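Computed from the coordinates by the stated procedures, all read-outs in this text should not be read as laboratory data. In this text, all values refer to a predicted model and were calculated from it rather than measured experimentally. In this analysis, Cβ positions are derived from the backbone assuming ideal geometry, glycine residues included, and neighbour counts consider all displayed protein chains.
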Amino acid sequence: MTTRLAETEYDEILAAARRRAVTTARFLAAAGLAAARGTTTLEPHEKRDAVIDELVLTRAQLARVGNNLNQLTRATHLGVMPHPDDLARTLDRVRRVLAAIDAAATALAKGRPA
């Protein structure tokens, strides 16, 4: 879907989305649905949707970390020992991404933002 906006309109929408801690796409969807339904308030699930958006971004991070682990494993199988710092950094990223996933999933289950 493509939307054309004046620069000032875009800036206003972007600022509103940031205030609500949601993506611009999520804000536009919520605002559009509110208008379609004849209400003046945004969809009450926008915080839940923000957590889902965060999970999608975190999934992409996890895929990148998995790629790093695959490269380290391949190097080991070829007889090349990865530098311990590379392995430590990758494992640290795995722990951080898993913590972010846990926090987002818990927030989603409890119905509040992460």
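For the reader, a short list of remarks on this structure follows.
- Longest site-free stretch - the chain; sites: trypsin sites (Lys or Arg not before Pro), DSSP loop, at most 10 other Cβ within 10 Å: 38-114
- Residues M81, M1 arranged by fewest to most Cβ contacts within 10 Å: M1, M81
- Region 1-43, relative contact order in percent, only Cα pairs under 8 angstrom and at least six apart counted: 23
- Once the Cα atoms are used to define both axes, helix 46-77 deviates from the longest principal axis of the chain by about 20 degrees.
- Entry note, region 46-110: relative contact order of 55 percent, from Cα contacts under 8 Å with a spacing of 6+ residues.
- Helix 7-19 and the longest principal axis of the C-alpha atoms of the chain enclose an angle of approximately 70°.
- Ordered from longest to shortest, the equivalent ellipsoid semi-axes for the chain are 40, 17, 11 Å, each the square root of 5 times a Cα gyration tensor eigenvalue.
- The chain: most fluctuating residue of L87, L69, L78 per GNM, C-alpha cutoff 10 Å: L78
- Percent RCO, i.e. relative contact order, over the chain, from Cα pairs under 8 Å lying at least 6 residues apart: 24
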